[in-house]
């Protein structure tokens with residue numbers, strides 16, 4: 001199960017990380033002033049990708065150094081389709097971001113395939129229909145179809161006009177629901193055939209700038225969050241087959257609420273509001289907030305659903321430790337035993353492992369590490 005994009009950066013700028021991401025994209029994308037531009041009626045489709053500005057990349061095979069033995073910048077881990085993937089940011093060149101995606105051995109960290117995207121931010125990958133999918137943000141958000149083993153790009157599908165894509169890795173933008181792959185970015189929600197990679201439904205999200213989404217494990221629930229450039233937006237329940245709007249609740253913050261996951265009859269989300277933020281559980285049917293489940297924190301507080309629990313991930317030395325919680329009541333079950341809770345940053349929870357980023361000394365960056373979750377966080 002995915003938990004839904006670095007400690008040093010967090011300590012220095014967690015309170016404004018979303019503003020920084022927007023500023024970085026504004027430098028990269030001349031289209032930041034295009035928010036009011038008319039959107040094309042159709043999403044174009046292309047098949048094989050021999051190479052393009054959006055997918056300027058290199059693909060390498062086995063790297064014995066491994067993901068646990070190098071200094072990384074903003075790493076994020078995902079287990080999907082039974083494979084272990086790690087993404088991280090490379091050094092920018094003339095304000096142009098670059099991202100690396102690797103497939104690695106989950107136990108040893110040995111890198112088995114590498115794909116470096118010379119331009120843009122890439123989202124957490126999602127396995128569907130025998131392929132691996134991810135959104136790449138350059139001058140627009142493009143859905144990439146990849147070979148899950150080699151990471152070679154086999155297709156691309158433009159999704160939106162390059163408004164915004166959270167570069168931290170925690171923003172979910174892909175979900176499998178209603179027998180299809182759903183992608184959301186900027187002003188578009190698109191249903192994609194996992195078999196052909198072609199769009200089956202395109203839904204405009206007028207004024208959309210930042211987005212997030214998640215579905216439940218059965219694919220019967222689809223929750224979408226969208227906000228304009230000022231942070232005004234809504235959490236929406238959409239029909240997982242047609243994408244039709246079924247329920248909506250207004251939100252106001254810095255960006256769209258970050259959907260951490262759906263479990264049972266509830267959806268957990270984090271809402272950054274400026275210098276502060278909060279996480280809360282909402283009804284999947286009505287989207288009404290569940291009383292007694294709100295947890296306040298800094299702007300960087302997050303929540304993710306993984307392995308049958310809700311995980312409240314706090315950020316910054318001024319806050320308490322991150323912890324696992326009852327997914328219905330939000331009651332704390334046990335703290336995550338990080339060596340240095342004020343500096344270590346949880347970036348993934350899979351099975352009985354918590355993956356976290358620890359400050360690299362003396363290098364600028366972090367090391368990817370893991371710790372076993374406490375017994376109280378292990379749902380049997």
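None of the figures in this text is laboratory data; all of them are computed from the coordinates on show. In this text the structure is predicted, and so the values were computed from the model without any measurement. In this analysis, Cβ positions are derived from the backbone assuming ideal geometry, glycine residues included, and neighbour counts consider all displayed protein chains.
Its relative contact order, with pairs defined as Cα atoms under 8 Å and 6+ residues apart, puts segment 96-158 at 24 percent. You can think of it this way: the chain between residue 273 and residue 378 has 34.6 nm of extra reach, that is 0.36 nm per residue less the Cα-Cα gap. Apply the a/c threshold of 1.5 to the C-alpha gyration tensor of segment 109-205 and tell me whether it is rounded, prolate or oblate. Taking the square roots of the gyration eigenvalues as a ≥ b ≥ c, segment 109-205 is oblate.
Measuring r between the beta carbons of residue 201 and residue 340 and using R0 = 51 Å, the FRET efficiency lands at 0.65.
Evaluated at q = 0.17, 0.22, 0.26 Å⁻¹, the base-10 log of the normalised Debye intensity for segment 274-347, with identical point scatterers placed on the Cα atoms, takes the values -0.63, -1.00, -1.29.
Based on alpha carbons, the Rg and Dmax found for segment 183-296 are 13.8, 44 Å.
Length gained on full extension, residue 286 to residue 91, computed as 0.36 nm times the residue gap minus the Cα-Cα distance: 65.8 nm.
For segment 257-380, the calculated P(r) over all alpha carbon pairs, in 5 Å bins from 0 to the bin holding the longest distance, is 2, 12, 22, 23, 20, 13, 6, 2, 1, 0 percent. Shape index of segment 256-301: Rg/Rh, with Rg the Cα radius of gyration and Rh the Kirkwood radius from the inverse mean 1/r over Cα pairs, equals 0.97. Length gained on full extension, residue 294 to residue 363: 21.1 nm, using 0.36 nm per residue less the C-alpha separation. When only alpha carbons are used to place a centre, segment 335-380 and segment 109-147 end up 24 Å from one another.
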